[in-house]
Amino acid sequence: MNNVVLSLSNVKKTYRSGDEGSLPVLQGVDFTLRAGELVALVAPSGTGKSTLLHLAGLLDTPDEGDIEIAGQNTHGLADAGRTALRRDQIGFVYQFHHLLAEFTAQENVMLPQMIAGVRKAEARAKAQHLLGQFGLAHRVKHLPGKLSGGEQQRVAIARALANNPVLLLADEPTGNLDVRTADAVFDELLNAVRGQGLAALVATHNEELLARMDRVMTLRDGKLVERVQP
């Protein structure tokens, strides 16, 4: 049984500016991520980590190469198809939670479900369940501004998991938290990934977290290579 969730084949991306010319960022990335696998992406700023995550998350398109999500080749896929694939198969977690300030924690987790067509009552029950898993059962009615940084990021992770994605993409998910809170949030993220058998690609600068990953990848000369751990 093929359990490949994300496949990148010879993916290239160059940014072009009329004044500054061309800036090659990715120069032939090959990468495979399987269900249940947690992989770290570690590289200096400006080497293309965010570009790679945006391409993997179908927020941008490569100049060359193929990207497959859950066995579906996205090359030439229309905007509607890319949007549906992002909504149904991919969860995103960012360094800054990007919660909607005017909605409660529960409503923030309900919204992506309702956009996907889930009934309100079902979406509410799922949100309550997810937030309870992250220790926030008593905070479901709170607005983001009334939550701590760690609580806000837990809500963001719950939101990312709301539509049962097969792929989780995280860009510095603990980078805006203090060390103790970051460890606790990462524990919960790790448990969620392992428990649900997701494929997860996590960009991070937190070296202490790397020993808990299945693999550590880095970008070198525009290509993705596995980093040998000490």
>> Going by average Cβ density within 10 Å per residue, which order do the peptides 179-188, 74-83 take, highest to lowest?
In response: 179-188, 74-83
> Which percent of Cα pairs goes in each bin when the distances of the range 10-154 are cut into 5 angstrom slices starting at zero?
Replying inline: 2, 8, 15, 16, 16, 15, 13, 9, 5, 2, 0
> Scaled to the compact-protein estimate 2.2 N^0.38 Å, what is the alpha-carbon radius of gyration of the range 72-112, rounded to two decimal places?
Replying inline: 1.49
> P(r) tail for the range 121-177, what percent of Cα pairs lie past 17 Å?
Replying inline: 39 percent
> Angle between the Cα long axis of helix 179-196 and the longest principal axis of the chain, 0 to 90 degrees, nearest 10?
Replying inline: 80 degrees
>> Quick check on the range 71-216: what are the equivalent-ellipsoid semi-axes from the Cα gyration tensor, as sqrt(5λ), descending, whole Å?
In response: 23, 22, 13
> Angle between the Cα long axis of helix 120-133 and the longest principal axis of the chain, 0 to 90 degrees, nearest 10?
Replying inline: 80 degrees
> What are the radius of gyration and Dmax of the range 147-230, computed over its Cα atoms and given in Å?
Replying inline: 13.4, 41
> Taking the inverse of the average 1/r across all pairs of different Cα atoms in the range 43-94, what Kirkwood radius in Å do you get?
Replying inline: 11.8 Å
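Each value in this text was obtained by applying a stated rule to the coordinates, not by laboratory testing. Treat the numbers as computed from the prediction; the structure is a model and nothing was measured. Cβ sites come from the backbone with ideal geometry, for glycine too, and all protein chains shown count toward neighbours.
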